[in-house]
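Below you'll find the structure, written out as structure tokens, and then a few comments.
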Amino acid sequence: MVIKSEVLQKLKNIAGDGNFFTDKETLQHFNYDATERRYMPDVVVTPKSTEEISKIMELCYQENIPITPQGGKTGLSGGCLPVKGGVIISFKNMKNILEIDDKNYTATVEPGVVAADFQKAIRDKGLFFPPDPSSTVESTLGGNVAENAGYTRAVKYGVTKDYILGLEAVLPNGKVIHLGGKNIKDVTGYDLVRLLVGSEGTLAVITKIIVKLLPLPESRRTLIGYFDDMTIGADFVVEIFKSGIIPTAIEFMDRMTMKAVESYLNVELPEAEAMILVEVDGNKFAVDDEAEKILKIYEKTGAKDFRLAIDQKEADKFWIIRRESLPSLKAKGGDQLEADIVVPRYFLPAYVKNIHKLADEYKCQVAAYGHAGDGNLHITIIYHKSSFQDLVNANELFARFYEEAIKLGGSLSGEHGIGITAAPYLKMQLGETEIELLRSIKKAFDPKGLLNPGKIFDFKDEE
Ligand SMILES: Cc1cc2nc3c(=O)[nH]c(=O)nc-3n(C[C@H](O)[C@H](O)[C@H](O)COP(=O)(O)OP(=O)(O)OC[C@H]3O[C@@H](n4cnc5c(N)ncnc54)[C@H](O)[C@@H]3O)c2cc1C
């Protein structure tokens, strides 16, 4: 888009020299995320304060310039891509942990704080912030809040929204709002904190976050086991809950993901249809007792090669196998489509069996892994778009995966968001009335449709 030179100058004056970029070489560092799609912004600003963001947004609002907030660019639905050009607000200069309040068990942070840095800072004080997505080394707390990120511990601890107590944010017109605070309970008016969490940067730009902390669990134990029949996994998960245990994590990988991890990490895994990893945490004696019970459940439900990690070093090895699923699949190359589907927990193994059957029908390679404890599955279709038939098959199959999930009462996305990748399928899950309601909320915050346009509702690729 064309931005008038006097407007560019005003933006530069607000952000300051060194925090305002229009040269192509720099812009290229901001034009992609983990979807590997690319869209060029016209301008990138790296403001240092809420006040600067407020002025930038007010100016862009007056001049009808689109704005896209951008965190660590690890998004898997294309949320931080400037699909309509305009200005990217990057939070590279807003990385401060403003306060760790170990009396109220809260912390206040700027949105650009990298998740892993925050985890380290609070762990050093004996505190615990459960939300910790696998992208922890690069993703930011602002991005985690905007996507309502999930993570492996969600089965016991809930997702990011369960830990956000307060937010400061800037509306598209530049007005600053303060929502919630350090209170554990707060029912004054509609719950706008929860509305902004998971709003994918389409309603307001988050500039400060107050999170809830917990005491660090005393102990944790990790188990791993392999199954020859995927559907047994469903009974395995049910048996764990029946025994009265709420595990911290129940993670899953199918055969193709295991094969990808084997070659990526140069390790050998047992021949099996599925791997299920379980973690428990809490009081040391309770955790040891729960781990013994879970070993027995592996045995009872017909798992093979199951074991309890003898120490944290071995547990870390189990986790690496699971955590490297996505990079291992990416390393397989080819073109890839990724979905982040959720189904009611018990249906997950049957759903996985079904998607493999469909993959054979459409002659596509498909791998699946994810959070069995939450019914949340990450599916990768590997294909070659140079072959027209392959491209058609992959896209049809992708839509079938959504269709089959929705038939089971599932959802388009558990944690990666709708962004641009799932936007074309929104109508499969939501009715006209529900979509209209979402649109009217968007309009109330952003009447001109300038904040992160092209996301969630009606993405059209204009490149
Ligand atoms: C290897 C890998 C592992 C992953 N593991 C997980 C996982 O375990 N769980 C999970 O949920 N996701 C996971 N993801 C996806 C991704 O990391 C998350 O969606 C993460 O929350 C994105 O954070 P980010 O800082 O990279 O945000 P970005 O990708 O930069 O942006 C994501 C969205 O947040 C918006 N946004 C960013 N900052 C702000 C702000 N301050 N105000 C308003 N909007 C903002 C953007 O506009 C965009 O819509 C993974 C991705 C990768 C590549």
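Every number in this text was worked out from the coordinates using simple rules, so none of it is lab data. Keep in mind the model is a prediction, meaning the values are calculated, not measured. Because the Cβ atoms are built from the backbone with ideal geometry, glycine has one as well, and the counts that use them run over all protein chains shown.
What is the magnitude of the charge dipole of the chain about its Cα centre, with +1 placed on the Cβ of each Lys and Arg, -1 on the Cβ of each Asp and Glu, and no other charges, expressed in debye to the nearest 20? Mind showing how you got there, number by number?
Numbers: 56 positive and 67 negative charges, 149 e Å.
Roughly 720 debye for the chain.
Expected output is a single nm value to one decimal: the length gained when fully extending between Ala116 and Glu314, i.e. 0.36 nm times separation in residues minus the C-alpha distance. What is it?
Details: separation 198, 0.36 × 198 = 71.28 nm, distance 2.11 nm.
That pair, Ala116 and Glu314, stretches by 69.2 nm at full extension.
Got a sec? Charge dipole of the chain, +1 on Cβ for Lys and Arg, -1 for Asp and Glu; which of Ala154, Gly302, Ile122 is way out at the positive end?
Of Ala154, Gly302, Ile122, it is Ile122.
To test your reading of the geometry: what angle, between 0 and 90 degrees and rounded to tens, separates the Cα axis of helix 284-300 from the longest principal axis of the chain?
Tilt relative to the chain: about 60 degrees.
To the nearest 0.05, what FRET efficiency results for Thr188 and Lys448 with a Förster distance of 35 Å applied to their C-beta separation? Mind showing how you got there, number by number?
Numbers: r = 29 Å, r/R0 = 0.82.
With R0 = 35 Å, the Cβ-Cβ based efficiency is 0.75.
Would you calculate, for the chain, the mean residue ellipticity at 222 nm contributed by helices, counting each DSSP H stretch of 4 or more residues as -39,500 (n - 2.57) and dividing by all residues, to the nearest 500?
Details: 16 runs with 162 residues, N = 463.
Mean residue ellipticity, 222 nm, calculated: -10500 deg cm²/dmol.
Multiply the residue separation of Glu63 and Lys48 by 0.36 nm, subtract the distance between their alpha-carbon atoms, and state the gained length in nm to one decimal.
Numbers: separation 15, 0.36 × 15 = 5.40 nm, distance 2.21 nm.
So the extension gain works out to 3.2 nm.
Per the Kirkwood definition applied to all pairs of different Cα atoms, how many angstroms is the hydrodynamic radius of segment 216-339?
On the way: mean 1/r = 0.0665 Å⁻¹.
This gives a value of 15.0 Å.
Suppose each label sits 7 Å from its Cα in the direction of the beta carbon; what would the Lys460-Val392 distance come out to in nanometres?
Going from the Lys460 label point to the Val392 one covers 2.5 nm.
As I understand it, the value is the acute angle between the Cα axis of helix 232-242 and the longest principal axis of the Cα atoms of the chain; what does it come to in degrees, rounded to 10?
So the helix axis and the longest Cα principal axis differ by about 80 degrees.
Can you tally the net charge around Val267? Count Lys and Arg as +1, Asp and Glu as -1, for every other residue whose Cβ sits under 10 Å from the Cβ of Val267. Let's see the in-between values first.
Numbers: positive: Lys317; negative: Glu262, Glu268, Glu324.
Value of the local net charge: -2.
Kindly express, to the nearest 10 degrees and within the range 0 to 90, the angle between helix 432-445's C-alpha long axis and the longest C-alpha principal axis of the chain.
With both axes taken from Cα atoms, the answer is about 50 degrees.
Which pairs in the list Lys10/Lys455; Lys125/Lys156; Lys161/Lys443 are over 25 Å apart, alpha-carbon to alpha-carbon? Write down the numbers at each step before the final one.
Details: Lys10/Lys455 27 Å; Lys125/Lys156 22 Å; Lys161/Lys443 23 Å.
Violating the 25 Å Cα-Cα cut-off are Lys10/Lys455.
Rounded to the nearest 0.05, what FRET efficiency do Glu436 and Lys175 have when you use their Cβ-Cβ distance and R0 = 41 Å?
Details: r = 25 Å, r/R0 = 0.62.
With a Förster radius of 41 Å, E is 0.95.
Mind giving me the nanometre distance, one decimal, between the label points for Leu8 and Ala399, set 7 Å out from Cα along Cα→Cβ?
4.2 nm
Where the eigenvalues come from the Cα gyration tensor of the chain, what are the semi-axes √(5λ) of the equivalent ellipsoid, largest first, in whole Å? The partial results should precede the final answer.
Working: eigenvalues 283, 149, 76 Å².
The answer is 38, 27, 20 Å, longest axis first.
Which lysines, if any, have their Cα less than 18 Å from the Cα of Lys4, not counting same-chain residues under 8 positions apart?
Those lysines meeting the cut-off are Lys12, Lys24, Lys55, Lys84.
Based on the Cβ-Cβ distance of Asp288 and Glu262, what FRET efficiency does E = 1/(1 + (r/R0)^6) give at R0 = 25 Å, to the nearest 0.05? Before the final figure, lay out the partial values.
Values: r = 31 Å, r/R0 = 1.24.
For R0 = 25 Å, the calculated efficiency reads 0.20.
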